[in-house]
1. Collect the residues in the stretch 67-116 that are over 25 Å from GLU140 (Cα atoms) and within 14 Å of the chain's Cα centre (by Cα), keeping them in residue-number order.
2. Out of all the residues in the stretch 158-180, which are closer than 17 Å to ALA58 by Cα and in contact with a Ser or Thr (Cβ under 8 Å, 6 or more places away or on another chain)?
3. Do we have any residue at all in the stretch 15-23 that's on the phi > 0 side of the Ramachandran plot, of a type in the set (Ser, Thr, Tyr) and modelled with pLDDT under 95?
4. Would you check if there is a residue in the stretch 171-180 being farther than 18 Å from ALA78 by Cβ, among the basic types (Lys, Arg) and either surrounded by fewer than 12 Cβ atoms within 10 Å (Cβ to Cβ) or modelled with pLDDT of 95 or more (or both)?
5. Let me spell it out: the conditions are (1) without any contact (Cβ under 8 Å) to a residue 40 or more places away in the chain; (2) under 20 Å from the mean Cα position of the chain (by Cα), and LEU143 meets all of them except one. Which number is the exception?
6. Go through (1) within 15 Å of LEU64 (Cβ to Cβ); (2) in a helix (DSSP H, G or I); (3) touching a Lys or Arg at 6+ places or on another chain (Cβ under 7 Å); (4) among the hydrophobic types (A, V, I, L, M, F, W, C) and name the single condition LEU174 misses.
7. For the stretch 29-121, give me every one of the helices (runs of 4 or more DSSP H) that falls completely inside it and has 3 or more residues that are out of contact with any Cys (no Cβ under 9 Å at 6 or more places or on another chain), surrounded by 13 or more Cβ atoms within 10 Å (Cβ to Cβ) and not basic (Lys, Arg).
8. State whether the residues of the stretch 126-149 include one that is under 28 Å from GLN172 (Cα atoms) and at pLDDT below 95.
Amino acid sequence: MKDLYDFVYRGALTQESLDKMGRQERAHFGPKDAERVRELLSFEMLDSERVVKAEQMAIVYTALHAFENSVRSFVSTAMAEKYKEEWWTHVPSKVQNKARTRIENDAKFRWHGARGGAEIEYCDFGDLSSIIVTNWAIFEDVLVDLEWMKATLSILERSRNAVMHGGVLARQDLDRIGGNIRDWIRQAG
């Protein structure tokens with residue numbers, strides 16, 4: 001019985017220590033949060049059929065958004081491992097210029113939130129592909145096939161753009177998106 005008590009007590013102390021050190025709880029967006037946002041955005045005034053289609057595509061966009069940002073992280077981590085803090089200087093100048101222009105544009109409209117804090121957050125799928133192509137030696141061991149990488153990001157960018165600009169994707173498109181995401185994660189982690 002004493003062993004059980006010691007085990008539980010150590011667990012409680014561990015939990016308390018983690019909380020004191022600023023343990024982050026897992027992000028959660030629940031139904032109550034969604035309802036508050038719907039109220040703020042006046043959902044009740046919008047056409048219900050369009051809202052349903054948009055909600056369906058929001059699920060698709062959520063997957064694409066998470067995937068795109070995981071690719072950003074993959075690229076920036078690999079580049080930083082190779083080039084340290086100066087990794088952005090090894091990005092194609094066309095991509096650097098596009099990111100710089102977007103950052104400057106964000107700075108002009110201070111009333112609106114910025115896209116991000118780092119240059120890579122201003123890159124599109126195609127830009128991420130360009131960074132990988134230009135620095136292929138860094139990525140080759142993991143991604144193995146350059147043409148597969150380019151095709152995968154290109155296909156997913158097309159779907160992302162369709163959803164972001166009001167498009168409604170067919171079932172076959174969703175299957176393709178899911179397959180490409182699964183393939184990338186299996187290959188790149």
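1. ARG115, GLY116
2. If the condition is that a residue be closer than 17 Å to ALA58 by Cα and in contact with a Ser or Thr (Cβ under 8 Å, 6 or more places away or on another chain), then LEU169, ASP173, ARG176, ILE177 are the ones that fit.
3. no
4. Yes, the stretch 171-180 contains at least one residue that is farther than 18 Å from ALA78 by Cβ, among the basic types (Lys, Arg) and either surrounded by fewer than 12 Cβ atoms within 10 Å (Cβ to Cβ) or modelled with pLDDT of 95 or more (or both).
5. If we test LEU143 against (1) without any contact (Cβ under 8 Å) to a residue 40 or more places away in the chain; (2) under 20 Å from the mean Cα position of the chain (by Cα), just (1) comes out false.
6. (3)
7. It comes to 48-83, 93-108.
8. Looking through the stretch 126-149, at least one residue is under 28 Å from GLN172 (Cα atoms) and at pLDDT below 95.
The values are calculated or read from the model by the stated rules, or taken from the named source; none is laboratory data. What you see is a predicted model, and the numbers here were worked out from it, not measured in a lab. Cβ coordinates were reconstructed from backbone atoms using ideal geometry, including for glycine residues, and neighbour counts include every protein chain displayed.
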